[in-house]
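The values are calculated or read from the model by the stated rules, or taken from the named source; none is laboratory data. Being a predicted model, the structure only gives us computed values, none of them experimental. Here the Cβ is made from the backbone with ideal geometry for all residues, glycine too, and neighbour counts use every protein chain on show. Ligands, DNA and RNA are stripped out before the accessible areas are found, and what is left, the full protein with its side chains, is counted by its heavy atoms. Shrake-Rupley method; radii C 1.70, N 1.55, O 1.52, S 1.80 Å.
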Amino acid sequence: LYAAAVTAADPALAVRRHFERHPDPGVAGHSTLIAVGKAAPAMLAEAREHVRGPVTALAVTHEGNETTVPGARVLTASHPVPSESGLQAGREILALLDAAGAADRVLALISGGGSALIPAPRAPLTLADKQAVNRLLLASGLDITAMNLVRQQLSELKGGGFLRHAAPAPVTGLILSDVIGNELGAVASGPTTPPLGTRQDALALLTRHGLLEQLPAAVRTLLETPETAAPLPAAENHLIGSNEQSLQAMRDAVAPGWTARIVSDRLVGDVADAAAEIVRAAREAPADRPTALIFGGETTVTLRGTGKGGRNQELALRLAEAMRDWSGDWTFLSGGTDGRDGPTDAAGGLVDGGTMARIAAAGQDMQALLANNDSHAALAAAGDLLLTGATGTNVADVQVMLLN
């Protein structure tokens, strides 16, 4: 079922479907193709097959997703915390956009992960400032839309930055959404869309959550400086893939004889609350036939320890704890469709009724590991890590509970 979800989010197929509906009309000048995110190479490779005339093509994707795209350059950078390689990639994108003229056009191929991959700090901010902000936001428990509201205020490329720098060249965005509800401005922090809010909105958000004083001084100064925003050039944006499509594919792939239901396509909030929601759904499921309960979304983890893990691994571990006294057979998977969960080698976790016993048999204290946000170590001890490698796509997370 996880494989069905990933296949449904295949970025090349999504781009191909778009061009089948909207054939490329060509352009008098030059086409600049810029792909950013975890699905960037596949999206760019497919787009190169459809765009006519002279083309310059660049993809920026995450480390571990290295590949070759004929007729294009592919750069890699760090995720989820930006790096020097990402800073250089951001500079290359700015140079390409700034060189575009009125007779040219820019095709932006956007997928999740772009926020960290192309840091382009607004002066006088530095890469170190952006890294500090990213670490703070990732540990805060804020959802992706709130985090990207803040990130947009600090970047030359986010929150419509592609449009500002490409002008007067028109920009078309093809967007593979990893954001629940498909708020396009939150995907990769919206390089081809208007900002999600203002500096004042970001200040209010950070103050409300007690984060303002933890920011680097230069960041606070920038946010507190009044800004007169020039009108943003228009763009043509197309949503070409989403989490909902992957959930439908999972439902369709459930074996005959099983009851399959998409319980929620908005599994968000803290992982502990999400685990409780899944257990409630399991209790309400029919007991007389095997059932697949399907969820999609993007949960959050509030970091309290120094361990290693990610939201899918911690959700799987918390679910195993909550189901430890369940009388029937069950299996649960929570995985990121990109194949990566937090700063780890795992996509998530695949747990069942024996997970807790296997952790104990390995000599590990599950409660201590969980308190330290060390879900990776706990699931590794049980042999329950979901290890897929990079998938080349990203439409947020999927979960499935099998009850038999």
Give the residues of segment 315-346 that are open to solvent by less than 10 Å² (accessible area, probe 1.4 Å) and under 19 Å from residue 268 (Cβ atoms), sorted by residue number.
315, 316, 317, 319, 332, 334, 335, 336, 337, 338, 341
Somewhere in segment 123-136, is a residue closer than 30 Å to residue 49 by Cβ and open to solvent by less than 10 Å² (accessible area, probe 1.4 Å)?
no
Screening 21, 17, 73 for residues that are open to solvent by 50 Å² or more (accessible area, probe 1.4 Å) and without any contact (Cβ under 8 Å) to a residue 12 or more places away in the chain leaves only 21
Restricting segment 225-236 to residues that are in contact with a helix residue (DSSP H, G or I) (Cβ under 7 Å, 6 or more places away or on another chain) and open to solvent by 50 Å² or more (accessible area, probe 1.4 Å), the one modelled with the lowest pLDDT turns out to be 227
By residue number, the members of segment 42-70 that are open to solvent by less than 10 Å² (accessible area, probe 1.4 Å) and in contact (Cβ under 8 Å) with a residue 60 or more places away in the chain are 43, 44, 47, 62
Tell me, which helices (runs of 4 or more DSSP H) wholly within segment 143-227 include 3 or more residues that are closer than 30 Å to residue 10 by Cα and in the same structural domain as residue 36 (by the TED database)?
144-153, 161-166
Checking 260, 255, 292, 249 in turn, the sole residue that is more than 30 Å from residue 162 (Cα to Cα), open to solvent by less than 80 Å² (accessible area, probe 1.4 Å) and part of a helix (DSSP H, G or I) turns out to be 249
